[in-house]
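Single-structure report; data block below.
The values are calculated or read from the model by the stated rules, or taken from the named source; none is laboratory data. Just so you know, these numbers come straight off a predicted model, no measurement behind them. All Cβ positions, glycine included, derive from the backbone under ideal geometry; neighbour counts span all protein chains shown.
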Amino acid sequence: MQTPLVLLPGFMTDLRIWGPQIEALASDTTLALPPLGPFDRVEDMATHLLTQLPPRFALAGHSLGGHVAMEILRRAPDRVARIALVAAGCLPEPPHQAAERELRLVRAKAGQLAAVMAEDVPAATLADGPLRAPLAEFLADGAEALGVATYERQVRALQRRPDQQKTLRQAHLPALVLSGSEDRLMPPQRCDFVAGLMPRGVARTIAGAGHLPMLERPDDVIGALREWMGWSEAAVMLR
């Protein structure tokens, strides 16, 4: 029986971010689609999710969901069969970026959430083309639906996120790191660094995608995830 697949959403998004993959992969395996929960620390999100998830699972996370996925791996390595990270780094937030988030948080609380989100995830981080404008609107609408309280919690989680380099170096499991070729928030070079830390890490760049490759190039992401799900847990992967 195929290992269940857990899909975690990213910063200020919900599981619609994985919509095409959910539709395609539901016939391949059991899917678990939990929200990140009402927490302001990556560690607390991971602790809560581990009480909800199957005994053993494959794990994929985008952006903030990728940070949570790494923390789940750190806490329960025996339960994670394989990991996929999409547009997610592994380093703590630099102080200057944390300070910039603090200023945006003040503005969000003052009623400027839509404008702030457009700075957190600028349209320019999405690939140029007909999908850029509707996807930027999708992000704005999703953030408004989640609200300022969720924004504050997730900002705090990103500001306080732990360094996961040691976790990744010790992760001897099939590992896929996806990036969009046009992503300015998490460019391919940074994703290559993440993959390079893992003994079996494989980096793949999705051509023509930005920060949301799951929606910008859904078929490419579906294909990459299907291939990753088929990798042997025992085999040594070559980069």
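Overview of values
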{"read-out": "Residues satisfying the stated conditions in region 174-200, i.e. over 24 Å from GLY37 (Cβ atoms) and either of a type in the set (D, E, K, R) or assigned to a loop (DSSP other than H, G, I, E, B) (or both)", "value": "PRO174, SER181, GLU182, ASP183, ARG184, PRO187, ARG190, ASP192, MET198, PRO199, ARG200"}
{"read-out": "Scan of region 89-99 for residues that are under 17 Å from ARG184 (Cα atoms) and part of a helix (DSSP H, G or I), ordered by number", "value": "GLN97"}
{"read-out": "Only listed residue being modelled with pLDDT of 95 or more, over 19 Å from PRO162 (Cα atoms) and among the polar types (S, T, N, Q), chosen from GLN2, GLN21", "value": "GLN21"}
{"read-out": "Complete set of residues in region 30-65 that are within 24 Å of LEU126 (Cα to Cα) and either of a type in the set (Gly, Ala, Ser) or touching a Gly at 6+ places or on another chain (Cβ under 7 Å) (or both)", "value": "LEU36, ALA60, GLY61, HIS62, SER63, LEU64, GLY65"}
{"read-out": "Candidates ALA124, ALA84, filtered to the one that is in contact (Cβ under 8 Å) with a residue 12 or more places away in the chain, outside the structural domain of GLY196 (by TED's automatic domain parsing) and under 22 Å from VAL177 (Cα atoms)", "value": "ALA124"}
{"read-out": "Sole exception among (1) buried (at least 20 other Cβ atoms within 10 Å of the Cβ); (2) in contact with a strand residue (DSSP E or B) (Cβ under 8 Å, 6 or more places away or on another chain); (3) in the same structural domain as GLU182 (by TED's automatic domain parsing) for GLU71, by number", "value": "(2)"}
{"read-out": "Exclusive hit being free of Cβ contacts under 8 Å to residues at least 60 places away in the same chain and β-branched (Val, Ile, Thr), set THR3, THR30, THR13", "value": "THR30"}
{"read-out": "From the options LEU215, LEU185, LEU176, LEU197, residue that is in contact with a Ser or Thr (Cβ under 6 Å, 6 or more places away or on another chain) and either within 15 Å of GLY10 (Cα to Cα) or not β-branched (Val, Ile, Thr) (or both)", "value": "LEU185"}
{"read-out": "Set ALA110, ALA114: member being assigned to a helix (DSSP H, G or I), hydrophobic (A, V, I, L, M, F, W, C), at pLDDT below 95 and in the same structural domain as VAL155 (by TED's automatic domain parsing)", "value": "ALA114"}
{"read-out": "Filter result (touching a helix residue (DSSP H, G or I) at 6+ places or on another chain (Cβ under 9 Å) and surrounded by 16 or more Cβ atoms within 10 Å (Cβ to Cβ)) within region 74-91", "value": "ARG74, ALA76, VAL80, ARG82, ILE83, ALA84, LEU85, VAL86, ALA87, ALA88, GLY89, CYS90"}
{"read-out": "For GLY65: the one exception among (1) assigned to a strand (DSSP E or B); (2) within 23 Å of ALA118 (Cα to Cα)", "value": "(1)"}
{"read-out": "Region 159-173: number of residues that are surrounded by fewer than 19 Cβ atoms within 10 Å (Cβ to Cβ), touching a Lys or Arg at 6+ places or on another chain (Cβ under 7 Å) and part of a helix (DSSP H, G or I)", "value": "1"}
{"read-out": "Output for region 46-61, where each listed residue is closer than 26 Å to ILE222 by Cα and crowded, with 16+ Cβ neighbours inside 10 Å", "value": "ALA46, LEU49, LEU53, PHE57, ALA58, LEU59, ALA60, GLY61"}
